[in-house]
Amino acid sequence: MTATAGQPLLTVDHLTMRFGGLVAIDDVSFVARPREITAIIGPNGAGKTTVFNCLTGFYKATEGMLTLCRGTRSYLLERMEGHDIASHAGIARTFQNIRLFANMSVLENLLVAQHRVLMAASVGTIAGMFGLPSYRHAERAAIDKARQWLDRVNLTHRADEDAGNLPYGDQRRLEIARAMCSGPALLCLDEPAAGLNPRETHQLNELITGIRDDFGIGILLIEHDMSVVMQISDHVVVLDYGRKISDGTPAEVRADPAVIRAYLGEEEDEGPQSQASAGA
């Protein structure tokens, strides 16, 4: 289940994250909606990944509220442990650096993402140990789900290979498939296009927009490739030095002078001294 019609899926209210005297995130607020791709962009060091880490429980926010609405239930993420955020609130993520189980097969990586369902069906491993019907049914369902995602990311023919042997672009898509096997309400993608060639980037764009359209979930996207952001995002939030400087559609953000200054720098006005120098 996802948020009801018209209701934000995720609401970030006055998020602040301090590390000692360093303010990494400074009073940031925004919303993300179901069936939308919300991009969080900004120059290096703007605080984008810190936002993800707060949402997924890697960091405990210094201040602020992080609310995810899933069906009729609301989850206060800042009060939850990371494993509960994933399993109960339904937030899945990928990372800047690929974190697959390299020595497990491609198929096994997708089954690992469904361990909570399989453990529940095993009833403390008893059902699994004795091969009871309830566990066999859950195991078949998990394998079927994994194979559906392998088909979707064009990796069925490599299901039995070690994930670490896949080409880089295939590993990126496999990470997204693994996250989706957990059945999330919100998918957080941290620079999924990093290191991809143009063909792989096109495949990635189709995969991400297809997930949005076919599964109706919300997607949070951190990405430095502005062509990706502007092509597939419905909503863009811009951070700079930990503060939000813009929030709107891709077209609105692209034309925002504050965003242009943050990315390109601000030209110095010609004062009397510079004019005098020019005339010297």
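The values are calculated or read from the model by the stated rules, or taken from the named source; none is laboratory data. Model, not experiment: these values are computed from the prediction. We place every Cβ from the backbone using ideal geometry, glycine too, and count neighbours over all the protein chains shown.
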Residues that are assigned to a helix (DSSP H, G or I) and surrounded by 14 or more Cβ atoms within 10 Å (Cβ to Cβ), drawn from segment 154-163: Thr156, Arg158, Ala163
Within segment 213-235, which residues are buried (at least 19 other Cβ atoms within 10 Å of the Cβ) and either under 13 Å from the mean Cα position of the chain (by Cα) or of a type in the set (A, V, I, L, M) (or both)? Ile217, Gly218, Ile219, Leu220, Leu221, Ile222, Glu223, Val228, Val229, Ile232, Ser233
Looking for something outside the structural domain of Gly210 (by TED's automatic domain parsing), outside any helix (DSSP H, G or I) and modelled with pLDDT of 95 or more - is there at least one such residue anywhere in segment 142-153? yes
Checking the structure you have, find out if any residue of segment 75-92 is closer than 21 Å to Pro192 by Cβ, among the hydroxyl-bearing types (Ser, Thr, Tyr) and crowded, with 16+ Cβ neighbours inside 10 Å. no
Just to check your reading of the model, which residue among Val259, Val238 is surrounded by 19 or more Cβ atoms within 10 Å (Cβ to Cβ), in a helix (DSSP H, G or I) and either in contact with a strand residue (DSSP E or B) (Cβ under 7 Å, 6 or more places away or on another chain) or modelled with pLDDT under 95 (or both)? Val259
Among the residues of segment 17-44, what is the count of those that are more than 19 Å from the chain's Cα centre (by Cα) and in a loop (DSSP other than H, G, I, E, B)? 2
Could you give every pair whose Cβ atoms fall below 8 Å, whose first residue belongs to segment 88-117 and is in contact (Cβ under 8 Å) with a residue 40 or more places away in the chain and in a loop (DSSP other than H, G, I, E, B), and whose second residue is aromatic (Phe, Trp, Tyr) and exposed (fewer than 14 other Cβ atoms within 10 Å of the Cβ), counting only separations of at least 6 or pairs across chains? Ile98/Tyr168
